[in-house]
């Protein structure tokens, strides 16, 4: 859905529809309070004409009682109206926030290459909060003002048609500035929200990498850069505020100019005996009510335009297209297929780099239960294979099959459940140990989690943590060492029990003791599974069933360690860099 054609009402209608009953009660309360407010003008007329002018205490008492009764009913109606619209604002903003988040987490990684996480978070938090405020407050004021203004205009004509013509002639002077400046406010509001999101993204990135910032003593640079971001956001906000201030000033001037004119003409008619003091009092009351209503509308109109900007930003996320979809109908169950992967002349370019091929007519067959290692320089396409196997992307050319079936024809969720990944820098979440390991299989009980931790050689250090398996690991597992994080990730993969295992050299950044423990855990994890290893250290893949040498997105050689030493110059050069001369020519099985 193109955002340029989005309105405020259309996207919100779907979220408001489930709450038609609450909306109905709200509108009823709104109409009742508006009607009561308009009736007060007639009470005022009675007080003046029959109480003051008629010198009747009885009539005065009745008029005052009428106004008091109306005030009680209006108070009850106002309470109902305020509660329902506030509830509706909270409920709808919560629904939108959930819907947007649910959609975002299902989007393909290419979306996040061009959309910063800080901006997405700003939309999920700031924009939905703004929307809640608009629906729960400003929208109520707008509807109340519109109804009371319309009713007041009708009552003005009922009270005195000639004076009411003054109102009709002045309305365009009030409405035109609202429409003109309101459009500018909407555009500036969108820019303001974008700039605030940019400030949040920048701050989040700096805080996330605070150790690097401080290590390079770049605090001063970051302070200045952040200050520039803040000032840019402030400049946009100043323009928005100026537009709203001008709009409010023009509307107030027009309203009170019209009110002054009405007072002069009405006062002249009372003096001439052409209308009563009560009629003039009621007319002024309705004119004031109309003026206040229009002034409120002009004020709220700017808020509604801000809501329009927030809605557009949210709907951009909600309607962002899913590039990775499962073709239906799904005829084959992934769990029934052999864990065999085959690349057939696969070519792929990342969406952010469409002219650069990450894989170029790549072909490879990976048999079930075998260990295949991928080696090659950075940019050779090794990590890209992992992304394609997990269907984060689809190749532009060629075919990738699982069990001899195109993975596009398989259920995406079921496919990913067959795959386990252990990364070089494992992802851990803010939460306790139990939560992070159970992320591999959310329905696992505590005993299964502990068994996986023991198999990953992680139980010993976990038990030494202050609260054992209930110990919070901090953001991104910051309270653990590199080797400990790796073993938590391996335990998570063991708990998932996948048939295909993707290992992005999980030991390359570890010390010797941690590497040995992690390698023991990996050996247990790899048993009986189809395993693909991205190898940065050749010593860890000497026993692989097949080693594939990659360069520039192509397979340039394949074979055992011994074969590749004599047949492929690139592999021999990599081996010479990592091993001693003797180790490089020895048979690894010796």
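The values are calculated or read from the model by the stated rules, or taken from the named source; none is laboratory data. Just so you know, these numbers come straight off a predicted model, no measurement behind them. Note: ideal-geometry Cβ built from the backbone for every residue, glycine included; neighbour counts use all protein chains shown.
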Inset, instruction - Check whether at least one residue in the stretch 412-421 is part of a loop (DSSP other than H, G, I, E, B) and at pLDDT 90 or above, and report yes or no. - result: yes
Legend entry - Flag if residue 300 is at pLDDT below 75, in the same structural domain as residue 165 (by TED's automatic domain parsing), surrounded by 15 or more Cβ atoms within 10 Å (Cβ to Cβ) and within 25 Å of residue 13 (Cβ to Cβ): yes
Legend entry - Given (1) assigned to a helix (DSSP H, G or I); (2) touching a helix residue (DSSP H, G or I) at 6+ places or on another chain (Cβ under 7 Å); (3) modelled with pLDDT of 75 or more, number of the condition residue 566 does not satisfy: (2)
Inset, instruction - Among the residues of the stretch 399-408, write down those that are surrounded by 17 or more Cβ atoms within 10 Å (Cβ to Cβ) and either more than 13 Å from residue 345 (Cβ to Cβ) or out of contact with any helix residue (DSSP H, G or I) (no Cβ under 7 Å at 6 or more places or on another chain) (or both). - result: 402, 403, 407, 408
Inset, instruction - Inspect all residues belonging to the stretch 430-437 and state whether any of them is under 30 Å from residue 325 (Cα atoms) and crowded, with 18+ Cβ neighbours inside 10 Å. - result: yes
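Can you tell me which of 426, 395 is in the same structural domain as residue 545 (by TED's automatic domain parsing), farther than 15 Å from residue 550 by Cα, touching a strand residue (DSSP E or B) at 6+ places or on another chain (Cβ under 6 Å) and in a loop (DSSP other than H, G, I, E, B)?
Of 426, 395, the one residue that is in the same structural domain as residue 545 (by TED's automatic domain parsing), farther than 15 Å from residue 550 by Cα, touching a strand residue (DSSP E or B) at 6+ places or on another chain (Cβ under 6 Å) and in a loop (DSSP other than H, G, I, E, B) is 395.
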Inset, instruction - Kindly indicate whether any position in the stretch 102-114 is buried (at least 17 other Cβ atoms within 10 Å of the Cβ), over 24 Å from residue 20 (Cα atoms), under 12 Å from the mean Cα position of the chain (by Cα) and assigned by TED's automatic domain parsing to the domain that holds residue 37. - result: yes
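Could you tell me whether the stretch 488-503 includes any residue that is at pLDDT below 85 and either closer than 18 Å to residue 459 by Cβ or surrounded by 24 or more Cβ atoms within 10 Å (Cβ to Cβ) (or both)? Step through it out loud before you land on a result.
Step one: filter the stretch 488-503 for residues at pLDDT below 85, giving none.
So far as the stretch 488-503 goes, no, none of its residues is at pLDDT below 85 and either closer than 18 Å to residue 459 by Cβ or surrounded by 24 or more Cβ atoms within 10 Å (Cβ to Cβ) (or both).
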Legend entry - Per-region count, the stretch 256-276, residues surrounded by 15 or more Cβ atoms within 10 Å (Cβ to Cβ) and either within 15 Å of residue 288 (Cβ to Cβ) or outside the structural domain of residue 156 (by TED's automatic domain parsing) (or both): 6
Inset, instruction - Give the residues of the stretch 353-367 that are surrounded by 21 or more Cβ atoms within 10 Å (Cβ to Cβ) and under 30 Å from the mean Cα position of the chain (by Cα), sorted by residue number. - result: 358
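A quick yes/no check of all residues on (1) touching a residue at least 12 places away in the same chain (Cβ under 8 Å); (2) buried (at least 17 other Cβ atoms within 10 Å of the Cβ); (3) under 32 Å from the mean Cα position of the chain (by Cα):
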{"site": "351", "(1), (2), (3)": "yes, no, yes"}
{"site": "369", "(1), (2), (3)": "yes, no, no"}
{"site": "377", "(1), (2), (3)": "yes, no, no"}
{"site": "388", "(1), (2), (3)": "yes, yes, yes"}
{"site": "420", "(1), (2), (3)": "yes, yes, yes"}
{"site": "426", "(1), (2), (3)": "yes, yes, yes"}
Legend entry - the stretch 96-110 - residue that is touching a residue at least 24 places away in the same chain (Cβ under 8 Å) and in contact with a helix residue (DSSP H, G or I) (Cβ under 8 Å, 6 or more places away or on another chain) and, of those, nearest to residue 13 (Cα to Cα): 96
Inset, instruction - Name the residue, out of 544, 539, that is farther than 25 Å from residue 443 by Cβ and buried (at least 17 other Cβ atoms within 10 Å of the Cβ). - result: 544
